[in-house]
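One structure below.
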Number of protein chains: 2
Amino acid sequence: MPSATLELDYANALAAAVGQAHGVSPAEIRRAQPAVKAAIVQIEKQRRQGEHRYRDLPADRELLRTVKAAARRFGPRMNNLVVLGIGGSALGMIALQTALNPPLHNLLPAGRRRGPRLFVMDNVDPVQFADLLDVLGPALPKTLFNVISKSGETAETAAQFLIVRDLLARRLGKKGLARNLVVTTDPESGTLRDLADAEGWFTLPVPPGVGGRFSVLSAVGLFPAAVCGINIDRLMAGAGEMSRRVASRSVRNNPAAMLALLLHAFYTRGKRMHVLFPYGYQLKDLADWYRQLWAESLGKRVDRRGQPVVVGPTPIKALGTTDQHSQVQLYREGPNDKVFILVSVEKFARDVRIPRAKTTPPALRYLEGASLGKLMAAERRATELALVASRRPCLHLRFPRITPHTVGQFIMLWEATTTLMGHLLDINPYDQPAVQLGKDYTYALMGKPGYEKQARALRRRCKPSRYLV
Amino acid sequence: MPSATLELDYANALAAAVGQAHGVSPAEIRRAQPAVKAAIVQIEKQRRQGEHRYRDLPADRELLRTVKAAARRFGPRMNNLVVLGIGGSALGMIALQTALNPPLHNLLPAGRRRGPRLFVMDNVDPVQFADLLDVLGPALPKTLFNVISKSGETAETAAQFLIVRDLLARRLGKKGLARNLVVTTDPESGTLRDLADAEGWFTLPVPPGVGGRFSVLSAVGLFPAAVCGINIDRLMAGAGEMSRRVASRSVRNNPAAMLALLLHAFYTRGKRMHVLFPYGYQLKDLADWYRQLWAESLGKRVDRRGQPVVVGPTPIKALGTTDQHSQVQLYREGPNDKVFILVSVEKFARDVRIPRAKTTPPALRYLEGASLGKLMAAERRATELALVASRRPCLHLRFPRITPHTVGQFIMLWEATTTLMGHLLDINPYDQPAVQLGKDYTYALMGKPGYEKQARALRRRCKPSRYLV
C-alpha cells in the first residue's frame, strides 16, 4: 500500500484482544462477509444506474474547473470570506478548513495566509452575528459572502442572507452585491435560484442527486476551500483513489467494507455509541462532520419497505489528548456500550522539541528531548491499550500525514461506509424525514402563511408550565 | 423567583407529555423524593464536616481578593494570555470566556477588548502549538502565561511548560520569566509548587479538597476570567445564590434536586445518553464543561463500598440551532435512549432585525421584521415540541440573560446536580481511578524511569498488526 494511504487497523476490535463478550471473532467476520459483499455489488450496480452520485464527484473535471475559475475570479481581492450555511452546507467545509489551514488562520497577517480570513455562520445566534457584522464593518468591500442553500428556504440561512443582502445593497449598491456574493444553490429551481437569476448573481451548483451531508466534495465545500488556498485537485485525487478502493468486493482490501462490517456487528450487539476519537487538533472538525453523516443517515424509524425498525448508532466526537482528561474515565469504567475509532497522524507538518534544562524537576526529565508529536503518539497508543485493558473494542485509523490527499480519502471513506451501513441496516441513508416537523413548527411559530392552523394548535400547547423549579 | 434566576421546566419530561413508557409520572416523582431529600440532608451534613468544598468557594472573600489583586498586577500590560492546562484546568475557564466575552474577542482591536487575547492550549498538537508560538513571537514580552496543574506532572501541561519556560528564559531572562508567568498549583506540595518556590514565581492556589472538574470557581477559572475582564464578583454572587438554592430539602424548590431526580429516573429506565442542548453560541462550551463533569464524575465501575456496579450516563453536547441540521433526525427517529436538556436564553445582549425589501421572495416574507433572537427562540421551542411529538423526554433550562450572575448559577447548579447524582447512583463522584492506567502507559512509552517493566510488556503487545486494511 502506498505510504500516503489511510490505513485501518482492527486488531483491537477482535475477541482475541477484548474477549468474546466484547470483541468480534474472525468467524463472525467471515460469516458477515457475504452480506457486505452483496451490498457492495448492489451499490456498484446502483451507481451505474445513477445512484450514490457523491462517489463520482472526484471524477468530475468540469466541477473542478468551474470551482477554480470562480475562486480565481472572486477570491484574490478579498480579505474576508463569510459563509452563510448550516448543517450539510457548513460542516464539511469547516472540516476542510480546520484540517488543511493553520489553526490560527484568522489571526495571521494577510501576507502569511493563503487566502482571506474565514467566518462560517452556521447558527442564528444574534450576538455572534451582530459581532461579526461589527468586525467586518469597514472591511465590507473586501468581504466575500458565499450563501449556501439548495432550496434557499432553510430558515437560518435565509434570515442571515436577507440581513446581508440588505447590508451589501445599502453599503455597496447593486454592483457591490454582484461582486461580493457567490450563491451556491440548486442549478435548476428553488427560491434562491430564482432570486439569483432575477438579480444576476453568480452561482455555483449544489449537484442534483447529492444530499447535503454528502456534498462537501461539490462546490459546497470546494469553493470556500479553494478561496482559502486549499489544493482541491489533490483533495479530489485522494477522494477518487478511495472511491476506487471502496468498490472492491474483497472485504479485507476495502476499508469501508471492514469499517461497516465491524461497526454493524458492534451495533447489533448493543454497542450503539460510535466514538470517533482523532488525535490531532486539525482533525477535530472532521469528527464533527462525521457526526452529522452518521446520525442523520442512519437514525431511522422505518426500513426500506416502510416497516418499523427504529435503528441508529449515536455518533460521538472526542478529541485526543484533551478528552482523556474528560471522557476516558467513563469510557473505561462506564457501561461497555461504545466502540472507539481512534485516529492518529504518523507525521505532523511541524513538531516542537521539549528542551533540556538543568532545573527541570526529576519527575519531568523523561520528557526532555522528546517532541510534542512523539508525546501525542504515545498518548494515543496508551489510551487505546488502556481501553483494551477494560475490554473496550477499538479501531485505529492512521493518517500518514494530514494533507489534502489524505483528507480526501478520509471523507470518501466515511461517506462510503455510511452508504454500506445503510444497506446493512436495511434503511435509506439519504433521507431525513424527521427534521420536517421541527421546520413546520418553526414556520408556524414565526407566522408563515399556510401554517395558521398548526400555529393555533401550538399556542394551545405552549401554556405556562406548572412544572417549574 | 427573581427575574435574574435560572429556571427549570420539566413539563415535557412527564408521562403526560411523552407517554408512560418514556416519561416520568408525578407518582414516580413523589416516590423518588425521600431518597433525594435524604441525599441532600447527608450532603449538607457532610459539608459541615468539610466535604463538597466547591460549594463554599463563592463565600471565600479571600479568594476573590487574591485573584483580583493578581489580575490587576499581571493583566494590564499584557496583549496575550496563554493558558497551559488540560481537562479540569481548561474546560471551565474556556466555558467562562465563551459565555461572557464576545465571540470574536481575539479579533477585536485592543481598545475594544476588556482584556488580552486569549489562547488556551489544552492539547499537545505540535502544529497548533508551533503556530501559536509563531503568532506570539514578537509579542512575547506582552504575553502572560498561566500554567495550571495541581501536581505539575500532567504530561501535556508539563511538556508545554518546559517549552515555554525555555522560551521565556532565553528571550526575556529570569526577570521576564517572573513577570510573564503565573503558576496555579497546589498550595503546599508537588513538582510545580516546588519549582515555583525555588524560582520565586508568582503562584495562585488550586484549593485543597476541590477536584479539577469542580475547580472553575477557584483561581483556576477565576484568574484568566478576571484578566480578560469578566466580572468575577457577580459570577460568584450567582454561584453563591445557587449554592443556597440547592441546599433546600424541598425538591420542588431545588433545581439540582429535580434535575438529579429526573436524570436518575431516566438513567435507570435505560435513557443513558443525556444531551445538553443549548440554544446560543455563547453557551456551547458550558456544554463541553458539563461533558467532563458528568462523564468523569458518574462513570464508575464500583459503588461506595467497592462492590461492582458499572454505571455512567454518557453526556452529549449539542448546539441549537446548528445540530437540528445534524442530530435531530437521529434524536427523533433513532432508539428512544436519550433525554434532552434544552437551554434557552430569554433575552440576548444584542439582536439583529431582518429587514424588509421589495424583492424578498414570497416564501421568505414571514421572516421580515422578525429578529434573529426571535427565530432562535422559535426554533428552540419547535425542536422541543417535535422531540415531544416523538415521545422523547425534554427538560428546559431557561437563562433570563447570559450574565456573569446567571453563568455562576448554571455552574453551581450542575456541580451540585452531579454530587446528588453520585449519591443516587451510590458512587463516589470525586475520584477518577480509570485514568491512571493510560497515564502509566504513556510514562512507559515515553521512557519515564520506574516504568521499564511496563514498557517491555507494552512493546510485546505493540507488534505490527496482521489486521490491516
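No lab work stands behind these numbers, since they all come straight from the coordinates. Since the structure is predicted, the reported quantities are computational estimates derived from the model, not experimental observations. Cβ placement follows ideal geometry from the backbone for every residue including glycine, while neighbour counts extend to all protein chains displayed.
Say a label goes 7 Å from Cα toward Cβ at B:P187 in every copy; what distances in nm does this one have to the rest, shortest first?
So the distances to the same position in the other copies read 6.9 nm.
Just want the ordering: B:E188, A:E296, A:E384, from fewest to most Cβ atoms lying within 10 Å of their own Cβ. List each step's numbers first, then the result.
Details: B:E188 8, A:E296 30, A:E384 26.
Neighbour counts put them in this order, fewest first: B:E188, A:E384, A:E296.
State the percent of C-alpha pairs, over all pairs in the stretch B:56-162, separated by a distance greater than 25 angstrom.
Numbers: 1270 of 5671 pairs.
Every Cα pair in the stretch B:56-162 considered, those over 25 Å come to 22 percent.
Just tell me which lysines come within less than 25 Å, Cα to Cα, of B:K142; anything on the same chain fewer than 8 places away is out.
Those lysines meeting the cut-off are B:K68, B:K174, B:K175.
Hey, fewest Cβ within 10 Å first, where do A:K439, A:K175 land in order?
Numbers: A:K439 19, A:K175 8.
Fewest to most other Cβ atoms nearby, the residues stand as A:K175, A:K439.
I need the shape label for the stretch B:334-463. Rule: rounded when a/c is under 1.5, else prolate if a/b > b/c, else oblate, with a, b, c from the alpha carbon gyration tensor.
prolate
Label-point separation (nm) for A:D194 and B:A389, each offset 7 Å from Cα along Cα-to-Cβ?
It is 2.5 nm.
Between A:S151 and A:R398, what's the calculated FRET efficiency when r is the beta-carbon distance and R0 is 45 Å? Round to 0.05.
Values: r = 39 Å, r/R0 = 0.87.
Plugging the Cβ-Cβ distance into 1/(1 + (r/R0)^6) gives 0.70.
Express in whole angstrom the spacing between the alpha-carbon centres of the stretch B:96-126 and the stretch B:71-91.
After rounding, the separation between the Cα centres reads 10 Å.
Going by how many other beta carbons lie within 10 Å of each one, how would you line up B:R456, A:R350, fewest first?
Numbers: B:R456 10, A:R350 17.
In order of increasing Cβ crowding within 10 Å: B:R456, A:R350.
What are the distances, in nm and sorted shortest first, from the label point of A:R365 to the label points of the same position in each other copy, with each label point placed 7 Å from Cα along the Cα-to-Cβ direction?
8.0
Can you tell me what share of the DSSP beta bridges in chain B is antiparallel? A percent to the nearest 5 is fine. Show your work: numbers first, answer last.
On the way: 6 of 42 bridges.
In chain B, approximately 15 percent of DSSP beta bridges are antiparallel ones.
Report the Stokes-Einstein translational diffusion coefficient (µm² s⁻¹, integer) for chain B, Rh taken as the Kirkwood radius over Cα pairs, at 37 °C with viscosity 0.692 mPa s. Intermediate values should be presented prior to the final figure.
Details: Rh = 24.1 Å.
D = 136 µm²/s.
Alpha carbon centre of the stretch A:23-37 versus the stretch A:356-415: separation in Å?
Distance between centres, Cα-based: 29 Å.
Let me see the pair-distance distribution of the stretch B:193-287: every alpha carbon pair, 10 Å bin width, integer percents in order.
So the P(r) values, bin by bin, are 12, 26, 37, 16, 7, 1.
Once the Cα gyration tensor of the stretch A:54-234 is diagonalised, what are the square roots of 5 times its eigenvalues, in whole Å and ordered largest first, as equivalent ellipsoid semi-axes? The partial results should precede the final answer.
Details: eigenvalues 97, 82, 48 Å².
Largest first, the stretch A:54-234 gives 22, 20, 15 Å.
What whole number of Å gives the distance from the Cα centroid of the stretch A:166-230 to the Cα centroid of the stretch B:214-261?
So the separation of the two Cα centres works out to 46 Å.
Hey, can you list the DSSP H helices of chain A whose Cα span along the axis is 24 Å or longer and whose average Kyte-Doolittle score is at least 0.0? Don't skip to the answer; put the middle values down first.
On the way: long enough: A:26-48 (33 Å, -0.68); A:155-179 (26 Å, 0.07); A:372-389 (25 Å, 0.52); A:404-425 (31 Å, 0.58).
Both cut-offs are met by A:155-179, A:372-389, A:404-425.
Relative to the present Cα-Cα distance, how much length would full extension add between B:A35 and B:K453 at 0.36 nm per residue of separation?
On the way: separation 418, 0.36 × 418 = 150.48 nm, distance 4.75 nm.
Full-extension gain reported as 145.7 nm.
In nm, one decimal, shortest first: how far is the label point of B:A21 (7 Å from Cα along Cα to beta carbon) from the matching points in the other copies?
2.9
At a threshold of 8 angstrom on Cα-Cα distance, excluding pairs fewer than six apart, so keeping six or more, what relative contact order does the stretch B:237-316 reach in percent? Before the final figure, lay out the partial values.
Values: 64 pairs, mean separation 19.0, N = 80.
Relative contact order comes out at 24 percent.
List the relative contact order of the stretch B:121-249 as a percent without decimals, with contacts defined as Cα pairs under 8 Å and 6+ residues apart. Don't skip to the answer; put the middle values down first.
On the way: 124 pairs, mean separation 25.3, N = 129.
That works out to 20 percent.
Below 22 Å, Cα to Cα, which lysines can B:K338 reach? Residues fewer than 8 away in the same chain don't count.
A:K271, A:K300, A:K317, A:K338, A:K439, B:K271, B:K284, B:K300, B:K317
Which value, in debye to the nearest 20, gives the size of the charge dipole of the protein assembly as shown about its Cα centre, when Lys and Arg are +1 and Asp and Glu are -1 at the Cβ? Provide the component values of the computation, followed by the final result.
Details: 134 positive and 78 negative charges, 50 e Å.
In total the dipole reaches around 240 debye.
Which one of B:L140, B:Q436, A:P362 has its Cα pushed farthest toward the positive end of the charge dipole of the protein assembly as shown, where Lys and Arg give +1 and Asp and Glu give -1 at the Cβ?
It is B:L140.
By what distance, in whole Å, do the Cα atoms of the stretch B:9-88 stretch along each of the three principal axes, largest value first?
Computed over the stretch B:9-88, the largest-to-smallest principal extents equal 60, 34, 22 Å.
Under 23 Å between alpha carbons, and skipping anything fewer than 8 positions from B:K45 in its own chain: which lysines qualify?
Cross-link targets: B:K37.
Which whole-number percent is the relative contact order of chain A (Cα, under 8 Å, 6+ apart)?
Numbers: 771 pairs, mean separation 104.4, N = 469.
Once divided by the residue count of chain A, the mean separation gives 22 percent.
Using only C-alpha positions, report the orientation-averaged shadow area of the convex hull of the protein assembly as shown, nm², one decimal.
On the way: hull surface 141.7 nm².
So the mean shadow area of the Cα hull is 35.4 nm².
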